[in-house]
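Some notes on the structure that comes next.
The values are calculated or read from the model by the stated rules, or taken from the named source; none is laboratory data. No experiment lies behind these values; they were computed from the predicted model shown. Please note: Cβ atoms are built from the backbone with ideal geometry, for glycine as well, and neighbour counts cover all protein chains shown.
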Amino acid sequence: MLPNIVKHRDGRWLGRALSILDSIDAFRGGDQDLALQVGDTLPPAEKLWDNHCMDISHLTLSTCLAEAGVSKIVYALVMPETEATIDAILGDRSSAEREGYRSAFREAWTQKQDRVHESFFDLWLAWTKPIVQLNSQQFPHRYPISGASEGLREAIHAYGVQARLEGFEPAIHVFEGEYEGYAAYARAAGIGLKTHRRSQWRQAIDETKATDQWYLSQPSGIDGNVWDDCDSFVGELADRVPNAQIMLDLSYVGCVARGFQVFADSPNIAAVFFSLSKPAGMYYHRIGGMWSRKEYPGLFGNKWFKNVSSLLIGSAFMSRYGVQELPRRYAPQQQIAVDSLRQQLGLNLRPADILLLAIGEPSKPPSDLERFLLRGPGEEALVRVCLTAKMAHQIDPRLSPHVQARHYEKWTS
């Protein structure tokens, strides 16, 4: 049998090995083949599980996090305000709200449904006005999308098509530790990906060609914070490589309590993506939008092929709550979760700007758990952990009786 506990040499408990491992073919040779004892550090994954897409360190460390009510993956926080918004849109069966909801789907020939996404975009501009500077006249093409992901995927594929038609080599640039979706979509489209240290962003500009694209999140998915040099990077790239495009991802706007500014009007920002998945806790409602300077034919039909229910719910949420209101309301819960996690896992953590996250510097040398959670390159890397499950249970246990995250599937292509 496998030992129930795997412990790092510095004495930190890293979690229980799952009993399911006992039945995995890779371990049928018995304990001698495993050669893992209590007190050992985790050996390289390939020596433990050669033929399986999930290695023992992934399973064990994910279990450790799940037992503490946190996760490596960032999950949306469904708040009481999330559900109150949905209830307000649907209303009681015989209420005026319910009748208004039904009416939104009737008489499609009048094209009144087009106004649903138009008003949604107008509301987003007003909602984000304390933070985002964006001149809608410079971005005449607006597309309702299924979360930010649909727009990101379409933009990357369209860029690949453009490169083939015009005969240049496409390249997408990101900073190390950025949202994994950028790299995944680039690989799926057969586009080369170039990664850079964010602290060396001026050098990264030196390596950018006129036909290249940058994908950038602000607030940043790397460390969960507002990146202070974002505007400087955008401006210097515009000056030095004016034809290179920035595709700006604002999916975390609405998750930060403190004041900050995003200037999205720079001429090299070709498109802006946003989502209510994280700000509103509406991940599975797939509510998002894309502003673009140029037309994307693959998204033109979205003016019809859209989820009217989700757009109505998203619009209601932005009408009810300010862009910083809920992050400020739940900041104490974020701090409580961080304090609890420090005690449970012995990690040196602090609240990130993004409500759902905690970050911190790793030990030297980092523990196995810290290495598992690192974001960013080399000595710049920080531990980043998602607090959603723990915070949801703190806010209202009735909404979140289960706090252990299921092991996520790793893409192995």
### Message
Looking at segment 98-113 only, could you name the residues that are closer than 14 Å to S315 by Cβ and loosely packed, with under 14 Cβ neighbours inside 10 Å?
### Response
G100
### Task
Among the candidates E46, E97, single out the residue that is at pLDDT 50 or above and either assigned by TED's automatic domain parsing to the domain that holds V338 or in a helix (DSSP H, G or I) (or both).
E97
## Note on the structure
Log entry, pairs with first residue in segment 282-294 being assigned by TED's automatic domain parsing to the domain that holds S309 and without any contact (Cβ under 8 Å) to a residue 40 or more places away in the chain, second being hydroxyl-bearing (S, T, Y) and surrounded by fewer than 19 Cβ atoms within 10 Å (Cβ to Cβ), beta carbons closer than 9 Å, six or more apart or on different chains, reads H285/S309
#### Entry: Filter result for S315 (polar (S, T, N, Q) and touching a Leu at 6+ places or on another chain (Cβ under 7 Å))
yes
### Query
Can you tell me which of R106, R142 is of a type outside the set (A, V, I, L, M) and either modelled with pLDDT of 90 or more or touching a Lys or Arg at 6+ places or on another chain (Cβ under 6 Å) (or both)?
R142
### Query
Does G221 satisfy being in contact with a helix residue (DSSP H, G or I) (Cβ under 8 Å, 6 or more places away or on another chain), outside any strand (DSSP E or B), of a type in the set (G, A, S) and in contact (Cβ under 8 Å) with a residue 12 or more places away in the chain?
no
### Query
Any idea which of K294, K303 is surrounded by fewer than 20 Cβ atoms within 10 Å (Cβ to Cβ) and either under 17 Å from the mean Cα position of the chain (by Cα) or closer than 16 Å to G147 by Cα (or both)?
K303
### Summary
In segment 384-399, residues that are farther than 21 Å from I359 by Cα and of a type in the set (G, A, S) total 0
### Task
Identify all residues within segment 340-361 that are surrounded by fewer than 21 Cβ atoms within 10 Å (Cβ to Cβ) and either charged (D, E, K, R) or in a loop (DSSP other than H, G, I, E, B) (or both); write none if there are none.
R342, G346, N348, R350, D353, E361
### Summary
Of those in segment 341-370 that are of a type in the set (G, A, S) and modelled with pLDDT of 95 or more, the residue farthest from T60 (Cα to Cα) is A352
